[in-house]
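Working notes for the structure below.
The values are calculated or read from the model by the stated rules, or taken from the named source; none is laboratory data. Just so it is clear, the model here is predicted, and its values are computed rather than measured. Positions of Cβ are backbone-derived with ideal geometry, glycine not excepted, and every protein chain shown enters the neighbour counts.
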Amino acid sequence: MSSKLIMKQVTKTFGDGDSTISILNRLNLEVNEGEFVAVLGPSGSGKSTFLSTAGALLSPTSGEIILDGESLTGKSKQELTSIRLHKIGFMFQSANLLPYLKVQEQLLYVARLTGMNSKEAKDRSERLLKRLDIWERRNFYPEKLSGGEKQRVAIARAWMNNPAILFADEPTASLDFKRGRQVVQMIADEVKSEGKSAVMVTHDERMLEWCDRVLHLQDGVLV
């Protein structure tokens with residue numbers, strides 16, 4: 001099994017001089033292909049900083065991150081943007097859909113950014129929307145969707161660029177228990193069927209039954 005994510009001795013500090021705060025403290029993590037990892041931690045424990053650093057949105061203060069075999073160290077902003085676009089899928093608490101695009105257009109927009117040809121993009125978007133049971137809503141604008149439907153579109157969009165790894169930040173926070181479970185199950189199914197990886201930050205322990213490993217973020221390290 002090849003690792004999709006390796007974090008070696010990753011430290012992330014904010015501020016300078018005496019007012020430096022260390023959020024991640026020589027943190028280590030390895031996530032393998034086909035693995036769905038959950039990270040738990042109380043509010044303010046640095047879960048979002050951890051996810052943003054792992055997902056190349058923030059640069060670590062020290063340490064190394066290797067994503068799908070490629071080290072992020074020393075990469076330019078432009079190179080990091082390209083890596084995020086082609087290798088990473090993101091899901092957030094709110095679906096963050098573009099209000100002026102219909103459901104299928106949300107996915108085709110991502111495909112266009114990554115340079116996917118239009119036939120492949122159409123086929124992939126249809127397959128994802130059908131798998132997530134949202135195909136019937138393909139011509140709806142986000143305002144016409146329920147919370148659960150929006151999150152399903154967000155999952156489809158996150159997988160649209162065929163990323164090596166998905167980072168999900170509290171993806172069930174705005175959903176009821178039943179819808180939340182469905183969302184987590186869908187992430188798990190995609191990880192297994194496509195040989196991907198996923199890391200989900202959550203505080204809801206009821207969502208953990210589909211995860212392969214559960215880690216806790218404490219004092220800047222994963223235990």
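Some notes on this structure:
- Search result, residues across segment 5-28 that are surrounded by fewer than 20 Cβ atoms within 10 Å (Cβ to Cβ) and either of a type in the set (Phe, Trp, Tyr) or under 23 Å from Gln185 (Cα atoms) (or both): Phe14
- Scanning segment 11-34 for residues that are in contact with a Lys or Arg (Cβ under 7 Å, 6 or more places away or on another chain) and either of a type in the set (A, V, I, L, M) or without any contact (Cβ under 8 Å) to a residue 24 or more places away in the chain (or both) yields a count of 3.
- Search result, residues across segment 10-27 that are in a helix (DSSP H, G or I) and of a type in the set (Ser, Thr, Tyr): Ser19
- Close contacts from segment 105-126, counting a first residue that is over 21 Å from Phe140 (Cα atoms) and a second that is modelled with pLDDT under 95, with Cβ to Cβ under 7 Å and a gap of 6+ residues or different chains, come to Leu113/Leu85; Thr114/Leu85; Thr114/His86; Thr114/Asn161.
- The set of residues from segment 175-217 being surrounded by fewer than 16 Cβ atoms within 10 Å (Cβ to Cβ), over 16 Å from the mean Cα position of the chain (by Cα) and modelled with pLDDT under 90 comprises Asp176, Phe177, Lys178, Ser193, Glu205, Arg206.
- Beta carbons closer than 6 Å, at least 6 apart along the sequence or on distinct chains, pair a first residue in segment 75-104 that is of a type in the set (Val, Ile, Thr) with a second that is modelled with pLDDT of 95 or more and assigned to a loop (DSSP other than H, G, I, E, B) for Val103/Arg138; Val103/Phe140.
- Segment 165-223: number of residues that are touching a residue at least 40 places away in the same chain (Cβ under 8 Å), among the β-branched types (Val, Ile, Thr) and closer than 28 Å to Thr13 by Cα: 6
- Residue check, Ala158 under 15 Å from the mean Cα position of the chain (by Cα), under 28 Å from His86 (Cβ atoms) and surrounded by fewer than 18 Cβ atoms within 10 Å (Cβ to Cβ): no
- Only one of the numbered conditions (1) in a loop (DSSP other than H, G, I, E, B); (2) touching a Pro at 6+ places or on another chain (Cβ under 9 Å); (3) surrounded by 14 or more Cβ atoms within 10 Å (Cβ to Cβ) is violated by Met116, and that is (2).
- Extreme residue, nearest to the chain's Cα centre (by Cα), among residues of segment 75-97 that are modelled with pLDDT of 90 or more and part of a loop (DSSP other than H, G, I, E, B): Leu97
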